[in-house]
Amino acid sequence: MSLFLKALKKSPWVFHVNAGACNNCDIEILDCLTPRFDVERFGIKLVGSIKHADALIISGGVTANILPRVLEIYEQAPKPCLVVAVGSCGCSGGIFRDAYNMVGPIDHYLPVDVFIPGCPPRPEALIAGIVKALGKL
Amino acid sequence: MAKVIPTGPFHPILEEPEFFKFHVDGETITKIDIRIGYSHRGIELLSEDKTWDQVPFLVERICGICSYSHPYGYCLAVERLANCEIPDRAKYIRAIVAELERLHSHLLWMGLAGHFIGYNTVFMWVWKWRELVLDALELTTGNRNHYANIKPGGVRRDIEDYMIPKLEKWIDELEPKCEMLIKVVMDDPVLHARLKGVGVLTKQEAIDYCALGPTARASGVAIDARADHPFDAYPLLDWKVISLPDGDVFAKAAVRLLENLESIKIIRQAIKKLKPGPIVNEIKEVPVGEAIGLYEAPRGETFHYIRSDGSNMPIRHKVRAPSYMNILTNELSCVGADLADGGLITAAHDPCYSCTERLSAVNDSIPENVLNSKEIARLSREKTKSIAEKFQLESNVTTDKK
C-alpha cells in the first residue's frame, strides 16, 4: 500500500453535498460529529472545500438544477475520491423517484463506492458505511 | 467601489444548496440577491397521485426538521374538510410529539448559530442535549426523524404507559440544561456585544414582509398559529406566546430559547392529561370541497391547502412553508451589516430551503432575456458574417469604382 493511501485511511476528510435532500440526512451527518457519536476521534472530519476532501458524501436524489454543480464538484475532487450515497433518496430516488424534477439517483452519473440506505440512516449506519468505504481502498 | 461576493450553492456555512450574492461596499453589505430552487423536487404534483392516507408520508419529507409540522398542517386541512373531531388522546399525543420536534429544531438552530459565531462549545453542548430529545422521539414514534406518527383523523402510534416515566425523566434532565443555556446567552458580555443590534428587522418591516414565527415574534409581532387559530390540544393547555421587541439576532435567539421552556411546559401538561381511549377516528370519506390547515412549525406558520373532488386523492395540494416569507426579510436585515455578519443574519431566522424551494419558469418565447452558449455563439457568427458581407460590399463598391 502506498504511503498516500495509508495516510488517507488513517484520517479521511469528507465533504458533504446536499443534492436535493430533505435536510434530514445532512443533519444526521452533522450529528455524527457531535459528542454522542464524535467521529472526529477517528480522524474523520467534515471539511469546507472538496479540494481538501478524500470522500464525497451525497445525500438526496438528484434534482435537475443541482446535477451540473455536483458533477463540477466531483471534477474538482482530488482522486482517489470515495463517493458515498446516503439515504433512501441517494440510493434509489426514494419517495421522490417519480417527480418531474428528479434526474435519477447519483449512481447514474458518478461511480458510487458505498450506499447507506435509511430514511434517514442512523448515525451508527453512517459511521459503518464510511468505514466500509475505507475498506475498499 | 461596489463588489459582489457570491456565496454558494455549496458553501461551508450553508447546510443546504442555496445561493447568495452579497453586494458589498468595503465591508458593508449594500444589497443581497437570493437565488433558491436547487432542491426543488415537485412535491405538490407528486401529492396529487397519492391517496389521502399516503400524503403524510410524502409531506413529512418536504423538510427533515419540520417533519411533524407539514403532515400536521395537512391533517388539519383534511379533518376540517371531512368535519372530523379527533379523539382526546390523539390530541395530546400530537401535542407531545409536536413540541418535542420544536425543542429539537430550536436546539439545532442554537447549536448552528453558536458554530457560526465561533462558540463551538455551544454547538457541541447543545447537540449533545438534543440527543435526549431525539431519544424521546424515537421512543414515542419509532424513529429519530421522519416520525410517520400522524394521519388524518388521529395518530398511528400510541404512547404506551411504560414510555411515560422515561419521557418524564428525559424532560426533567433537559429543563435545567435549557435554563442554563438561557443564562449562558443572556449574561455573556461577548454575545451581547456580538449579537445586539445586528440584522435588525423592525416591527413595521416584519409586518410589511409578512414575517412569520420566531422571526416575527422577535420583532414584536406576537403571531402564533397555535394561539391565533387554535386547534387540537393547544386551547386546552396553559402556555404563552413569547415575543420580544428588538428584532435583532439576539432577540431571535432569545425567543427560541424561551420557547424551549414553553415547549417543556406543554409536554409536561400533555403527559398528565393523557387518558386511556382510542387514538384514531377513521375518516371514511373526504367530501367535495376545499380546506386549509394552519400549523405553527418551529420556524413559523405552515399553510396547507387541499381541494377534493370526492375521490381518494387530493386534486390540488398547495404548501407554503414559513421560510418562504422569512427568507425575503434578509433583503432588509442584511443591508448595512458587516460582511462578517452576513452568514449569521441569513441563518438567524432558521431558513429551511428544502421547505421553500420553488420552481422559477423562464418563458422560452422571449429569447432576448436568456441566452445560452449556443445562441451567443450564433450571434457572434452572425456578426462576423455581417462584417464580412460589409467588407465584400465595400470591396465590390471599390471594384465598381475601378
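The values are calculated or read from the model by the stated rules, or taken from the named source; none is laboratory data. Since the structure is predicted, the reported quantities are computational estimates derived from the model, not experimental observations. Using ideal geometry, Cβ is built from the backbone for each residue, glycine included, and neighbour counts are taken over all protein chains shown. Quick note on the areas: whole protein, heavy atoms, side chains included, nothing else; ligands and nucleic acids left out. Shrake-Rupley method; radii C 1.70, N 1.55, O 1.52, S 1.80 Å.
Scan the stretch B:12-20 and give yes if some residue there is in contact with an Asp or Glu (Cβ under 6 Å, 6 or more places away or on another chain) and modelled with pLDDT under 85, otherwise no. Step through it out loud before you land on a result.
Taking the stretch B:12-20 and keeping what is in contact with an Asp or Glu (Cβ under 6 Å, 6 or more places away or on another chain), we get B:15.
Adding the requirement that they be modelled with pLDDT under 85 leaves B:15.
Yes, because at least one residue in the stretch B:12-20 is in contact with an Asp or Glu (Cβ under 6 Å, 6 or more places away or on another chain) and modelled with pLDDT under 85.
Can you work out which of the residues in the stretch B:118-135 that are more than 21 Å from the chain's Cα centre (by Cα) and of a type in the set (A, V, I, L, M, F, W, C) is nearest to the other protein chains (Cβ to nearest Cβ)?
Ranking the qualifying residues of the stretch B:118-135, first place goes to B:M124.
Identify the single condition in (1) farther than 26 Å from B:N326 by Cβ; (2) facing another protein chain (nearest Cβ under 9 Å) that B:P9 does not satisfy, given that it satisfies every other one.
(1)
Of the residues in the stretch B:136-154, how many are open to solvent by less than 10 Å² (accessible area, probe 1.4 Å), at positive phi and within 14 Å of another protein chain (Cβ to nearest Cβ)?
1
Which one of B:N260, B:N281 is under 19 Å from the mean Cα position of the chain (by Cα), within 30 Å of B:K151 (Cβ to Cβ) and of a type in the set (S, T, N, Q)? Outline the logic, then answer.
Details: B:N281 fails: under 19 Å from the mean Cα position of the chain (by Cα).
Step by step, each of B:N260, B:N281 is checked, and only B:N260 is under 19 Å from the mean Cα position of the chain (by Cα), within 30 Å of B:K151 (Cβ to Cβ) and of a type in the set (S, T, N, Q).
Residue check, A:H16 against (1) of a type outside the set (D, E); (2) facing chain B (nearest Cβ under 8 Å); (3) in contact with a helix residue (DSSP H, G or I) (Cβ under 6 Å, 6 or more places away or on another chain); (4) crowded, with 21+ Cβ neighbours inside 10 Å, all met but one. Which one?
It is condition (2) that A:H16 fails.
Tally the residues that are within 24 Å of B:D135 (Cα to Cα) and touching a Leu at 6+ places or on another chain (Cβ under 8 Å), restricting the search to the stretch A:113-131.
Taking the stretch A:113-131 as the starting set, the residues that turn out to be within 24 Å of B:D135 (Cα to Cα) are A:116-130.
With the extra rule that they be touching a Leu at 6+ places or on another chain (Cβ under 8 Å), the set shrinks to A:116.
Of the residues in the stretch A:113-131, 1 are within 24 Å of B:D135 (Cα to Cα) and touching a Leu at 6+ places or on another chain (Cβ under 8 Å).
Tell me yes or no: at least one residue of the stretch B:273-290 is small (G, A, S), surrounded by 15 or more Cβ atoms within 10 Å (Cβ to Cβ) and in contact (Cβ under 8 Å) with a residue 12 or more places away in the chain. Outline the logic, then answer.
So the first thing to find is which residues in the stretch B:273-290 are small (G, A, S), and the list is B:277, B:289.
Next, only the ones that are surrounded by 15 or more Cβ atoms within 10 Å (Cβ to Cβ) stay: none.
Checked against the condition, which is being small (G, A, S), surrounded by 15 or more Cβ atoms within 10 Å (Cβ to Cβ) and in contact (Cβ under 8 Å) with a residue 12 or more places away in the chain, the stretch B:273-290 yields no hits at all.
Looking at A:L56, A:L46, which one is open to solvent by 20 Å² or more (accessible area, probe 1.4 Å) and under 13 Å from the mean Cα position of the chain (by Cα)?
On the way: A:L56 fails: open to solvent by 20 Å² or more (accessible area, probe 1.4 Å).
Going through A:L56, A:L46 in turn, just one is open to solvent by 20 Å² or more (accessible area, probe 1.4 Å) and under 13 Å from the mean Cα position of the chain (by Cα): A:L46.
Find the residue count for the stretch A:1-33, including only residues that are of a type in the set (S, T, N, Q) and within 18 Å of A:G129 (Cβ to Cβ). Quick ask: steps written out before the conclusion?
To start, the set of residues in the stretch A:1-33 that are of a type in the set (S, T, N, Q) comprises A:2, A:11, A:18, A:23-24.
From the residues that got through so far, the ones that are within 18 Å of A:G129 (Cβ to Cβ) too are A:11, A:18, A:24.
Going through the stretch A:1-33 one residue at a time, the tally reaches 3.
Hey, among the residues in the stretch A:114-137 that are more than 18 Å from A:R36 (Cβ to Cβ) and in contact with a Cys (Cβ under 9 Å, 6 or more places away or on another chain), which one's farthest from the other protein chains (Cβ to nearest Cβ)?
At the first step, the residues of the stretch A:114-137 found to be more than 18 Å from A:R36 (Cβ to Cβ) are A:114-117, A:119, A:132-137.
Going one step further and asking which of them are in contact with a Cys (Cβ under 9 Å, 6 or more places away or on another chain), we end up with A:115-117, A:119.
Details: A:F115: 19, A:I116: 15, A:P117: 14, A:C119: 6 Å.
Result: A:F115.
Filter the stretch B:308-330 for residues that are touching a helix residue (DSSP H, G or I) at 6+ places or on another chain (Cβ under 7 Å) and among the charged types (D, E, K, R) and give the result.
So the first thing to find is which residues in the stretch B:308-330 are touching a helix residue (DSSP H, G or I) at 6+ places or on another chain (Cβ under 7 Å), and the list is B:308, B:314, B:317-319, B:321-324, B:326-327, B:329-330.
B:K318 - this is the single residue of the stretch B:308-330 that is touching a helix residue (DSSP H, G or I) at 6+ places or on another chain (Cβ under 7 Å) and among the charged types (D, E, K, R).
When the stretch B:48-103 is examined, which residues are found to be open to solvent by less than 10 Å² (accessible area, probe 1.4 Å), part of a helix (DSSP H, G or I), out of contact with any Lys or Arg (no Cβ under 7 Å at 6 or more places or on another chain) and within 14 Å of chain A (Cβ to nearest Cβ)?
B:V55, B:V59, B:S69, B:H70, B:P71, B:E101, listed by residue number.
On the given criteria, is B:E131 open to solvent by less than 10 Å² (accessible area, probe 1.4 Å) and closer than 17 Å to A:T34 by Cβ? Working first, answer last.
Numbers: open to solvent by less than 10 Å² (accessible area, probe 1.4 Å): yes; closer than 17 Å to A:T34 by Cβ: yes.
Criteria met by B:E131.
How many residues does the stretch A:61-108 hold that are free of Cβ contacts under 8 Å to residues at least 24 places away in the same chain, of a type in the set (K, R) and within 12 Å of another protein chain (Cβ to nearest Cβ)?
Final tally of qualifying residues: 1.
Based on this model, can you work out whether B:E18 counts as farther than 29 Å from B:T141 by Cβ and under 17 Å from the mean Cα position of the chain (by Cα)?
Values: farther than 29 Å from B:T141 by Cβ: yes; under 17 Å from the mean Cα position of the chain (by Cα): yes.
In short, yes.
Would you confirm whether or not the stretch B:221-228 contains a residue that is open to solvent by 60 Å² or more (accessible area, probe 1.4 Å), closer than 26 Å to B:I86 by Cα and either at pLDDT 90 or above or not assigned by TED's automatic domain parsing to the domain that holds B:K128 (or both)?
Yes, the stretch B:221-228 contains a residue that is open to solvent by 60 Å² or more (accessible area, probe 1.4 Å), closer than 26 Å to B:I86 by Cα and either at pLDDT 90 or above or not assigned by TED's automatic domain parsing to the domain that holds B:K128 (or both).
Pick from A:I57, A:I29, A:I50, A:I44: which is in contact (Cβ under 8 Å) with a residue 40 or more places away in the chain, at negative phi and within 11 Å of chain B (Cβ to nearest Cβ)?
Details: A:I57 fails: within 11 Å of chain B (Cβ to nearest Cβ); A:I50 fails: in contact (Cβ under 8 Å) with a residue 40 or more places away in the chain; A:I44 fails: within 11 Å of chain B (Cβ to nearest Cβ).
It is A:I29.
Going by the structure shown, is B:H115 within 14 Å of chain A (Cβ to nearest Cβ) and closer than 17 Å to B:L258 by Cα?
Details: within 14 Å of chain A (Cβ to nearest Cβ): yes; closer than 17 Å to B:L258 by Cα: no.
No.
Between a first residue in the stretch B:50-72 that is free of Cβ contacts under 8 Å to residues at least 40 places away in the same chain and a second residue that is among the basic types (K, R), which pairs have beta carbons less than 6 Å apart while being 6 or more apart in sequence or on different chains?
Final answer for the pair search is B:L58/B:K50.
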